[in-house]
Amino acid sequence: MGLEETRYLATIVAGIPHVAKAMEDVPVEQLWRALEAAEVSYWRTLRQSGFAESKCQTWTSAIMRRLKGQVAADGLTQVEMLKRLREEVGRAPG
């Protein structure tokens, strides 16, 4: 993974706990809609930053798994999340 990709990933990972915390106040019946909105936002941000669609999809999927884990309180630190995202993105085709 290049330096630019690492910076984007680190920035996104740093924000995941904040997004998850904001979702704590979302009524359960609206949580999936909030998660879908976050997913679209992450994908759009990556795409607008010039990354290929396939890479945006891979990253967005990995990021959303981490976000859902945080919402479910899996307790991963930012360093652990970044490590897992790097591993996941590194294994993905494309």
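The values are calculated or read from the model by the stated rules, or taken from the named source; none is laboratory data. Not measured: the values here are computed from a predicted model. For neighbour counting, all protein chains shown are included, and Cβ atoms are generated from backbone atoms with ideal geometry for every residue, glycine included.
Data for the structure
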| item | result |
| --- | --- |
| Leading residue by the ranking (modelled with the highest pLDDT) among those in the stretch 69-78 that are outside any helix (DSSP H, G or I) and of a type outside the set (Gly, Ala, Ser) | THR77 |
| First in the stretch 11-37 and exposed (fewer than 11 other Cβ atoms within 10 Å of the Cβ), second anywhere and modelled with pLDDT of 90 or more and of a type in the set (Lys, Arg), Cβ under 7 Å, 6 or more apart | none |
| Scope the stretch 79-94; condition surrounded by fewer than 16 Cβ atoms within 10 Å (Cβ to Cβ) and modelled with pLDDT of 70 or more; matching residues | VAL79, GLU80, LYS83, GLU87, GLY90 |
| Verdict on ARG66 being modelled with pLDDT of 90 or more and either assigned to a helix (DSSP H, G or I) or closer than 18 Å to GLU88 by Cβ (or both) | no |
| Complete set of residues in the stretch 6-59 that are among the hydrophobic types (A, V, I, L, M, F, W, C) and not in a helix (DSSP H, G or I) | VAL26, PHE51, ALA52 |
| Any hit, the stretch 42-58, residues being in contact with a Leu (Cβ under 9 Å, 6 or more places away or on another chain) and of a type in the set (A, V, I, L, M, F, W, C) | yes |
| Which numbered condition SER49 misses (of (1) in contact with a helix residue (DSSP H, G or I) (Cβ under 7 Å, 6 or more places away or on another chain); (2) surrounded by 14 or more Cβ atoms within 10 Å (Cβ to Cβ)) | (2) |
| Subset of the stretch 52-77 [loosely packed, with under 12 Cβ neighbours inside 10 Å and hydroxyl-bearing (Ser, Thr, Tyr)] | SER54, THR77 |
